[in-house]
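Student: Pasting a structure below so you can have a look.
Laboratory data are not the source of any read-out in this text; all were calculated from the coordinates shown. These numbers were taken from a predicted model, which means no experiment stands behind them. Glycine also receives a Cβ, built like all others from the backbone with ideal geometry; neighbour counts cover every protein chain displayed.
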Amino acid sequence: MGRTVVEKILTAHRVSGDLIPGRELAVRIDQTLTQDATGTMAYLQFESMGLARAKTELSVSYVDHNTIQVGFENADDHAYLRSVAQRYGVIYSRPGNGICHQLHLERFGRPGKTLLGSDSHTPTGGGIGMLAIGAGGIDVAVALGGWPFYLTCPKVTLVRLRDALRPGVSAKDVILQVLSVYGTKGNVGRVLEYGGPGVATLDVPSRATITNMGAELGVTTSVFPSDDNTRRFLAAQGREADWSELIADADASYDQVLDLDLSAVAPMAACPHSPGNITTIASLAGRKVNQVLIGSCTNSSYRDLKTVALLLRGKKVHPEVEVGVAPGSRQVVLMLAKEGLLADFVAAGVRILENACGFCIGNHMSPGTDAVSLRTNNRNFEGRSGTASAQVYLVSPETAAAAALTGVFTDPCTLKDLPAVKEPERYGIDDSMFLFAETAGKGVPGTAIVRGPNIGQVPANTPLPEKLDGVAAIKVGDKITTDHIMPAGARLKYRSNVPAYSQYVFESVDKDFHTRAAANRDAGRHNVIVAGESYGQGSSREHAAMCPMYLGVKVVLARSIERIHLANLINFGIVPFSFANPADYDAIAAGDWLAIDNLRAVVSGDGRAELKNLTQGKCIPVVATLTARQKRLLLAGGLLPAVARGEA
């Protein structure tokens, strides 16, 4: 039987385990990427291992999240990242160079390679034929040290594309259509592989948009084949030598198949407050819009922004709409500038924003009270924009441009003279803001590491206790995101200082959580987080596990937990239990005293336990489904202690 693209990459990188869906598999990691919001802690963790250099083929440290300097913390973190990169043989991408996923696609991605990134949108690399996976920073730190990455061998779904998109419809609408089918939960342990004759109609930037936002599905990753379109993209980037063909065998077998007719896809929107809340633009037509923001790692390519610039050329944005554009990379900025397209933006009344994550993570451009904001980024969780009452919709660049001109939701297919932007024969190439490329993989031993006062220590955990004896420190509902657990925006500047950052755990949900949890910890009581379905969806932000660990959380008990966050919980020694009977979620209230008499024995065994609710006098069956390796990590107190003891 033939093999899928996913199976071919996994086979070539398998270190241990079987390629049987559901089994644990260890794979070799070729490349890693970090960004500044997660990278500082990842490199602190790497330093703690005592290694002389990075052991991957290629690793890049990007600065793209906290580039706005408010206080000393961000600048100090950047100085730390730069010095660590030089010492250990990592390429450093300076602030202003662009967004990690856009840059990595342009300059470093290679078909058939594995990429592990401390950002949940690392699957962007699947657009170029990589197996690119988002993970917690500690997993990236371990991969930097040459250890394999462990994952559940996934089931593979083929998304079989046919025909071609109509003018006015683009890749963002395709992934929104897929989200309308699969939603944002229940897709753990699965990879989407795109195939069929329609693939040939999509260029690499379009494919990258689809794989980028595939992260919102909760799948392990998404991947496209590497074909002639991939070769043309790499040739235009001056990297044709990095190309290799990678396509599924004709007789490859898939767990599921979704047939998608591209010609039938309509302009779509993800409505507040979830990327899975999908409807058509036609159903929203005529509703007033207050703000339009175009950019982020999803839709900030040369193709996307040139399309918008041409739609705006010779026109003015609606006087009641605030419009901003954030290019994805310095390469995109330079090309737009040389073609006069930046002038088209400015003449139309658009604000040119820094080529960074910016508005997507709530660092600036927050909407007004109750404002409707159309954005081309990938997440619209409540409050993520920085304004709790804002109504954020996720749309394509074409739909965003149409709303910018009309002031209301407008189907872009109704616009005249819709442009068709072709792949350039040559992208503008200037790698001068990538530092230490000449010492990549070697490093400069003896380089002094710059540590400002905000650079803290990696928090230590203790081995798992014999028994759980604690309290339900908080009870939350369904679809709690890592933004709910650890806020981004202005709070990200504390990412290198866990004691400071932990003061904001669950800030938007329960402002007293930190005080209550810290008091329990200091009194010797364990903290338990009780949650509903799809707990921990969203960002790969490992601080959403690390900071609760610092506050004494030993167990998360939920109806379901999303993939990356579940891995992060285990990496920091927090046991991820689920209800054997989901209805038992109602049998626990915040503040209830909870106990498991034989916690270590449960984790060592089959993961099944009787949780005693001492307050209500009830016994609740719970289960933690764990591999042998995950059991070792939990018993040791997490991944770093296990690495130190040679048990990882």
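Student: Whole-Hz Karplus ³J(HN,Hα) for segment 478-488, in order, using 6.51 cos²θ - 1.76 cosθ + 1.60 and θ = phi - 60°, x for Gly and Pro?
Tutor: 7, 6, 6, 8, 5, 5, 5, 6, 10, x, 9
Student: Can you grab the distance from the C-alpha centre of segment 416-449 to the C-alpha centre of segment 1-80, Å, no decimals?
Tutor: Answer, in whole Å: 18.
Student: Along the Cα→Cβ direction, 7 angstrom out, place labels at THR414 and THR280. What is the inter-label distance in nm?
Tutor: 1.3
Student: If you don't mind, there's one more thing I want to ask. Using a basic spin-label model with each label point 7 Å from the Cα along Cα→Cβ, how many nm lie between ARG451 and GLN69?
Tutor: 2.3
Student: Then there is this: Specify which residue in the list THR307, GLN291, THR279 is farthest towards the positive end of the charge dipole of segment 278-330, using unit charges on the beta carbon of Lys, Arg (+1) and Asp, Glu (-1), about the Cα centre.
Tutor: THR307
Student: Another one. Relative contact order for segment 540-582: what is it in percent, counting Cα pairs under 8 Å that are at least 6 residues apart?
Tutor: Numbers: 45 pairs, mean separation 20.2, N = 43.
Taking the mean separation of contacting Cα pairs over the length of segment 540-582, I get 47 percent.
Student: Using DSSP to define loop residues, name the GluC sites (Glu not before Pro) in segment 421-481 whose beta-carbon has at most 12 other beta-carbon atoms within 10 Å. Don't jump to the answer; show the numbers that get you there.
Tutor: Numbers: sites: GLU425, GLU438, GLU466; in loops: GLU425, GLU466.
Hits after loop and neighbour filter: GLU425, GLU466.
Student: Return an integer: the convex hull volume of the alpha-carbon atoms of segment 537-623, in Å³ per residue. Please report the intermediate quantities before stating the final value.
Tutor: Numbers: hull volume 8.7 nm³, N = 87.
Once divided by residue count, the hull of segment 537-623 is 100 Å³.
Student: Dipole size in debye (nearest 20) for segment 373-425 around its Cα centre, Lys and Arg Cβ +1, Asp and Glu Cβ -1? List each step's numbers first, then the result.
Tutor: Values: 5 positive and 6 negative charges, 46 e Å.
Charge dipole, segment 373-425, about its Cα centre: 220 debye, nearest 20.
Student: Neighbour counts of other C-beta atoms within 10 Å: give me VAL392, VAL408 arranged from fewest to most. Mind dumping the intermediate values first?
Tutor: Values: VAL392 25, VAL408 17.
Ranked by crowding around the Cβ, least crowded first: VAL408, VAL392.
Student: Now for a different question. Over segment 533-641, what is the relative contact order in whole percent, taking alpha-carbon pairs under 8 Å and six or more residues apart?
Tutor: Relative CO of segment 533-641 lands at 26 percent.
Student: Can you give the % of DSSP beta bridges in the chain that are antiparallel, to the nearest 5? Could you put the intermediate results ahead of the total?
Tutor: Details: 30 of 90 bridges.
Around 35 percent of the beta bridges assigned by DSSP in the chain are antiparallel ones.
Student: Rounded to the nearest 0.05, what FRET efficiency is calculated for ARG23 and ALA490 with R0 set to 60 Å and r the Cβ-Cβ distance?
Tutor: On the way: r = 43 Å, r/R0 = 0.71.
FRET efficiency, ARG23 to ALA490: 0.90.
Student: Can you tell me the mean projection area, over all orientations, of the convex hull of segment 322-424's alpha carbons? Units nm², please.
Tutor: Numbers: hull surface 27.7 nm².
For the Cα atoms of segment 322-424, the hull's average projected area reads 6.9 nm².
Student: Run the helix sum for the chain: -39,500 (n - 2.57) per DSSP H stretch of 4+ residues, divided by residue count, reported at 222 nm to the nearest 500 deg cm²/dmol. Before the final figure, lay out each step's value.
Tutor: Values: 21 runs with 183 residues, N = 648.
It comes out at -8000 deg cm²/dmol, rounded to the nearest 500.
Student: Rounding to the nearest 20 debye, state how big the charge dipole of the chain is about its Cα centre with +1 on each Lys and Arg Cβ and -1 on each Asp and Glu Cβ.
Tutor: Details: 64 positive and 63 negative charges, 128 e Å.
I would put it at about 620 debye.
Student: How many angstrom lie between the Cα centre of segment 531-578 and the Cα centre of segment 134-212?
Tutor: Rounded to whole Å, the Cα centres lie 23 Å apart.
Student: Would you list LYS315, LYS479 from fewest to most Cβ contacts within 10 Å? Could you put the intermediate results ahead of the total?
Tutor: Numbers: LYS315 14, LYS479 22.
Sorted ascending by nearby Cβ count, the order is LYS315, LYS479.
Student: Holding the Cα-Cα limit at 28 Å, pick out from LYS306/LYS416; LYS288/LYS338; LYS306/LYS493; LYS288/LYS315; LYS467/LYS618 the pairs that are longer than that. All intermediate terms of the calculation are to be shown ahead of the outcome.
Tutor: Numbers: LYS306/LYS416 16 Å; LYS288/LYS338 34 Å; LYS306/LYS493 33 Å; LYS288/LYS315 19 Å; LYS467/LYS618 18 Å.
Listed pairs above 28 Å: LYS288/LYS338; LYS306/LYS493.
Student: For a quick check of your reading of the filter: which GluC sites (Glu not before Pro) in segment 309-346 sit in a DSSP loop and have no more than 16 other Cβ atoms within 10 Å?
Tutor: Numbers: sites: GLU320, GLU322, GLU339; in loops: GLU320, GLU339.
Those satisfying the criteria are GLU320, GLU339.
Student: Within a 10 angstrom radius of the beta carbon, how do MET213, MET268, MET365 rank from fewest other beta carbons to most? Please report the intermediate quantities before stating the final value.
Tutor: Numbers: MET213 30, MET268 26, MET365 20.
Placing the least packed residue first, the sequence is MET365, MET268, MET213.
Student: What GluC sites (Glu not before Pro) in segment 181-265 are in a loop by DSSP, with at most 13 other Cβ atoms within 10 Å of the Cβ?
Tutor: On the way: sites: GLU193, GLU216, GLU240, GLU245; in loops: GLU245.
Within segment 181-265, the qualifying GluC sites (Glu not before Pro) (loop, at most 13 other Cβ atoms within 10 Å) are GLU245.
Student: Here is a further query. Return the distance in nm (one decimal) between the two label points of a simple spin-label model at ALA587 and SER16, each offset 7 Å from Cα along Cα→Cβ.
Tutor: 3.7
Student: Can I ask one more? Debye calculation, C-alpha points only, no solvent: report log10 I(q)/I(0) for segment 385-455 at q = 0.20, 0.25 Å⁻¹, in the same order as the q values.
Tutor: -0.97, -1.18
Student: So, one more: Could you tell me the relative contact order of the chain? Use alpha-carbon pairs under 8 Å, at least six residues apart, and round to a whole percent.
Tutor: 15
Student: To the nearest 20 Debye, how big is the dipole of segment 468-636 about its Cα centre, given +1 on the beta carbon of each Lys and Arg and -1 on that of each Asp and Glu?
Tutor: Numbers: 20 positive and 16 negative charges, 101 e Å.
Here the size comes out at about 480 debye.
Student: OK, next. Take the alpha carbon atoms of segment 584-648, find their center, do the same for segment 322-392, and report the distance between the two centers in whole angstrom.
Tutor: 43
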